[in-house]
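Below: one structure, written as structure tokens.
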């Protein structure tokens, strides 16, 4: 009696990080788009379905890995390099032009921003945008999460996300 | 249609391998039968067991030694013969091809990207999951992988060769008869390794050239208003971000090239036969039929789904 | 423990006969109680624990196999999804190979080798205890991960890049890699003990040409383990480093190589299957003489064949990589060497057949399993000759043909002899006989069930069914054969279930056995069943390869060992001439603590590289307490 209970307890801890939720139900997919932004466009409330699912886009290794795959596939590197920034701002220096909370990053990806950030609402489905947002937050995170992805099989340009911080945060705001 | 069998060779390479398999089976079966016979004889000659163990009889020990020694010698001969046979077969199937047709195959999780070079740069084209070859001509495949190790295997035509990231492998084969041959990835490559099939369509050279010309051409124009709506949905929604349809604005290069998807026999790397309905089913719920696939569930309305599936099914 | 009631340096000649056994039992025994049992270093108790644990993992692995067969019974089955199925087949392979097959063979050796060579305990007894605990730790870690949906899903050989940092999301592959560390440390420890026991602790007179064939087999196996395990430890450690720290061992873009993994793994992986098979060969060579009522035919060729197999096993590994596009000449070399290993195997088979033909076979249960072994292993060996050929392999590699082949050689070649060995040595382990009637049923169900389950897989592979697929389309017409295979697997499972029932019932209430119920020739049968803690009241002297048949009344013995402390006799390597009396360690709880601290460090290091530094501190403490000189009699000359 005790042993199964203990096992179940242990299971809950690792459960969130390792499950592979392969299929997003259509109602959940629709609900994922329902963020509520603050009037100034920065920050807001995430859709309740995210916390109902256990916040997978922050804590689930597979979702973060999918986000990393999307980062490569949709050529984020073209402007942001591996996070160090090129024509677009750096994502790893600890400075966030519009804020670093998940809702803001979702909004940036979904609707785009002036000066060159494209809108991805017609290129990615809502759960993909959340995956990418979760990944971008691990890029800029100060400590390596256990669930964060590791290096890609390509030319090394910075430490793996699981070995964060990727770069020492700047003490002054970036020039661009 | 020949369903992916080693035992039904349809090309010279597979035929050599089939012959080798038959010979090996014959020799090995004979050896096994012989061993079982001797075992049976030894058991049938049982007599009541003496309580103290038997003393050794030098004469029968010597005779047994001679027999065992001869058996070992025979084993050496058989092994050597089989090794030589194996080397002969390797040599036979790797004869230098003349005027091969060059095709590049790149393995993705979980589909096959197939590139025909052609004699001019504008005669190159990319397709997916279906390899057309002219009968009788040697096909030389350049195999590479985009992500993890896959393996190209069409048993009716040839043995398998792995697609390894960071390495370029080659495989040559030819088909003797026109027909449709199924192959499957045979190196575990993740969640949907089980559903990574491909088809080789062998056709006579004239038919092959017609097919090639049609593939080089751009996508068919929308013929009905429904297809036109479908084309617009495709271009404006998430579809165009991942897929290419040459002749339209859609030029994504993450998923398979869909320029002539309606003309392919199967959808989803051998998952469903291509029909308008199966295309709709695939788009409506890819994770339902192929859980783990990288294609997301694009939120389309019912009418949009109808239109897009009509458009894609018409892209022959 | 020193017995303080007895004066130091009291020899066994100075103790009256009736009191000797009691005195030895006091000095060598393990006290009653739970904590004392945890601290035992008696090789028999550790060996029994090891065997039982390994069979529990066999049962777990078997349940996984039944789950797979349930999913594959119908086309496009929906019993298990792809993610769970990938975990199931990886766990099945890893459990069977790392948690059952190698450990059970080592466990049987841990119990039997000291008895067969005529000594009182295995060499390095505390290391032996440690090796069991660390093995248990690895098994618990792997199966706990499975309970948490965290089991590795990359196949039991975990090819990169699928198991690498980019495509192996989460910690699943790290669990696999660290499980390797646990089980390989355990295996290496036992291998070292076996080598030293066999080379330095044999009974006087047991020269190299009088060593029982099972002991020879374990000696060869131990050397194979010592040579092979480092390769996979390098591989798994490199994988953890790639995933955790960001090294590039297997990253082609930065100068690494995807195929490096395969070379490293299979350099271990091929000897691994011989590490599983060679002990089984030794078991067959032990059972046959007893049940053919004559010494085995061709002792010297059999020993040479063992040595040749162990040596050649290291030259075959590329036959697992025939489809990777390696140069043709190199691949052909490995065809030749893979075929060549059939020659020593053939020598063994022919010598055994000669033993049967020249002897008087007695068809008791252990012999039935040996006969099942002949039928099955020869098929497996011959399909092995087939897949050794490069062109043949290009058609059947990674299909159900290979699945059939390796199950034929592993189950036929290793598990059948193992089951026979359990029936054979059960009286020695427990003092009771297993049921002859149930044993025949087990042999029948397992033999028939196995062949009905796995023979059709040859055909499935030739008809194009690849490995490791969680479902297959209806159009492929594989459904009928798969359904037959799944149904036959139920018969195989029933056989194993009956075996477990028989073992448990017999251990409780089986017919009591005497010292030598089978009238066998080797030394383990010269003492009580089960043996007392000290194995032999006097160390026997050996004058031939079949001591109990040469001296049917009483064995000659040596006298003069001390009785107030644990003492063993050390002899020379070649001729087993007595060289010295050596003390043997007492019971100690520190191997358990060392295993616990090591397990903590290894599991922690899955999550952080700093664990290697900080986690080593408790290990250091445990080792210091383990080795601290306490003024015990071990340190006296």
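Coordinate-derived values only; no laboratory data. Because the structure is a prediction, the values reported are computed rather than measured. For neighbour counting, all protein chains shown are included, and Cβ atoms are generated from backbone atoms with ideal geometry for every residue, glycine included.
Values for this structure:
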read-out	value
Relative contact order [Cα under 8 Å, 6+ residues apart], chain C, whole percent	22 percent
Ellipsoid equivalent to chain B - semi-axes via the Cα gyration tensor, in Å	55, 23, 15
Translational diffusion of the range B:12-93, µm² s⁻¹ [Kirkwood Rh, Cα pairs; Stokes-Einstein; 25 °C; 0.890 mPa s]	153 µm²/s
Gain in span if fully extended, residue B:8 to residue B:221, counting 0.36 nm per residue against the direct Cα distance	72.6 nm
Of all DSSP beta bridges in the protein assembly as shown, antiparallel share, percent nearest 5	75 percent
Radius, Kirkwood style, for the range C:395-519 when every pair of distinct Cα atoms is counted (Å)	16.2 Å
Relative contact order [Cα under 8 Å, 6+ residues apart], the range B:225-313, whole percent	35 percent
Rounded tilt (10° steps) of B:302-313 against the dominant C-alpha axis of chain B	70 degrees
Cα gyration tensor, the range C:479-637 - rounded (a/c under 1.5), prolate or oblate	oblate
Kirkwood hydrodynamic radius over Cα pairs of the protein assembly as shown, then Stokes diffusion coefficient at 37 °C and 0.692 mPa s, in µm²/s	102 µm²/s
Mean shadow area of the range C:284-378 over all directions, Cα convex hull, nm²	6.8 nm²
Residue C:7-residue C:336 pseudo-label distance in nm [points 7 Å out on the Cα-to-Cβ vector]	7.1 nm
Whole-Å distance, taken between Cα centres, linking the range C:344-377 and the range C:580-600	40 Å
Convex hull volume per residue in cubic angstrom - Cα atoms of chain A	144 Å³
Tensor-based shape of the range B:243-288 (alpha-carbon gyration tensor, a/c under 1.5 rounded, otherwise prolate or oblate)	prolate
With Cα atoms, 0 to 90° folded angle of helix A:61-73 axis to chain A main axis	30 degrees
Fewest-first sequence of B:63, C:120 by Cβ atoms within 10 Å of each Cβ	B:63, C:120
Gaussian network model of chain B, springs between alpha carbon atoms under 10 Å - residue of B:235, B:269, B:206 with greatest fluctuation	B:206
Between the range B:1-77 and the range A:29-84, the alpha-carbon center distance in angstrom	64 Å
Fraction in percent of alpha-carbon pairs per bin - 10 Å, the range C:313-353	29, 42, 21, 8, 0
Nearest 10 degrees, 0 to 90: helix C:365-388 Cα axis against chain C principal axis	40 degrees
Paramagnetic reach from residue C:196 in the range C:567-599 [backbone N under 18 Å; point 7 Å along Cα→Cβ]	C:567-574, C:579-592, C:594-595
Ratio Rg/Rh, restricted to the range B:225-313 and using Cα atoms, in which Rh is the Kirkwood radius	0.91
Inter-label distance for residue B:56 and residue C:551, nm, one decimal - labels placed 7 Å from Cα along Cα-to-Cβ	2.1 nm
Rounded Å value of the spacing that divides the Cα centres of the range C:12-91 and the range B:201-232	64 Å
Rounded, prolate or oblate (a/c below 1.5 giving rounded, otherwise prolate when a/b exceeds b/c) for the range B:83-217 by Cα gyration tensor	oblate
Length released on extending from residue B:63 to residue B:302, taking residue separation times 0.36 nm less the Cα-Cα span	77.6 nm
Average silhouette area of the range C:479-551, convex hull of alpha-carbon atoms, in square nanometres	8.1 nm²
Orientation-averaged projected area, Cα convex hull of chain C (nm²)	28.1 nm²
